[in-house]
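Chemist: Provided herewith is a single structure, encoded as structure tokens, for subsequent inquiry.
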Amino acid sequence: MNVHDILQDPDEHVRFAAYLDKLEHVGDPDEVDLVSSVLTDPDQTMAQSAVLRHLDRRATGLYAGPAYEGWAQRMTQATIDRPFLAQRLREWSVFRAITLMLPWQPDDLLASSNWLQLKTADGTNTEAIEILAEAGRTKRIRNAARTSLTHRSES
């Protein structure tokens, strides 16, 4: 089943599942084209949700290695006109920098979404966790960061 065939199905749940399957099995050379095709679906909420799951899955597997940067650039081009998806890719890059102890700016972390702040609060970078314990966006984030710091000091 190709993407054109998927688009013919009126049920967005069926299309969503088919997109996830296609995205899970796409090869690197075809990934940008497939993401771009999925984003042509008339149900933009569903299409962007499928692509978001794909980005998160791929970024989880790539962020720690050298292939991440080229992949992130390609995916940024494929999602450039989708602000939420572009933001998620930027935040994966911030997460990568924080986790791998690469240069990063505290303001980038503080301006980020709850998703990134919670992910970082559960991470290993003590400096980032301390920043979130003090100035995280929400009480939940600040508490998660404080809990993380407490567990780190106990071990």
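Chemist: Measure nothing but the geometry: give the 0 to 90° angle between the long axis through the Cα atoms of 67-79 and the longest principal axis through the Cα atoms of the chain, rounded to 10°.
Modeler: It is inclined by approximately 60 degrees.
Chemist: Also, I was wondering about something else. Leaving out ligands, DNA and RNA, and with a 1.4 Å probe, what % of the accessible surface on the chain is carbon or sulfur? Mind showing how you got there, number by number?
Modeler: Details: 4470 of 8640 Å².
It is 52 percent, rounded to a whole number.
Chemist: Run the numbers on segment 1-154 and let me know its relative contact order in percent, using alpha-carbon pairs under 8 Å that are six or more apart.
Modeler: Working: 136 pairs, mean separation 20.3, N = 154.
The value is 13 percent.
Chemist: Further question: Could you give the angle, 0 to 90 degrees to the nearest 10, between helix 139-154's Cα long axis and the longest principal axis of the Cα atoms of the chain?
Modeler: 60 degrees
Chemist: Residues of segment 63-105 with backbone nitrogen within less than 13 Å of a virtual label 7 Å along the Cα-to-Cβ line of Arg152, please, listed as ranges.
Modeler: The answer is 98-101.
Chemist: State, in angstrom, two size descriptors of segment 57-149 derived from its alpha carbons: Rg to one decimal place and Dmax to the nearest whole number.
Modeler: Considering segment 57-149 through its Cα atoms, Rg and Dmax are 13.2, 38 Å.
Chemist: In terms of the ratio Rg/(2.2 N^0.38 Å) built on C-alpha atoms, what value belongs to the chain?
Modeler: On the way: Rg = 17.6 Å, N = 155, 2.2 N^0.38 = 15.0 Å.
Dividing the Cα Rg of the chain by 2.2 N^0.38 Å gives 1.18.
Chemist: Could I have the simple spin-label model distance between Glu127 and Val14, label points 7 Å from Cα toward Cβ, reported in nm to one decimal?
Modeler: 5.3 nm
Chemist: Given the options Ala135, Ala121, Ala47, which has the most mean-square fluctuation in a GNM of the chain, springs set between C-alpha atoms less than 10 angstrom apart?
Modeler: Ala135
The values are calculated or read from the model by the stated rules, or taken from the named source; none is laboratory data. Just so you know, these numbers come straight off a predicted model, no measurement behind them. In this analysis, Cβ positions are derived from the backbone assuming ideal geometry, glycine residues included, and neighbour counts consider all displayed protein chains. When the accessible area is computed, the model is the full protein with side chains, heavy atoms only, and any ligands, DNA or RNA have been set aside. Shrake-Rupley method; radii C 1.70, N 1.55, O 1.52, S 1.80 Å.
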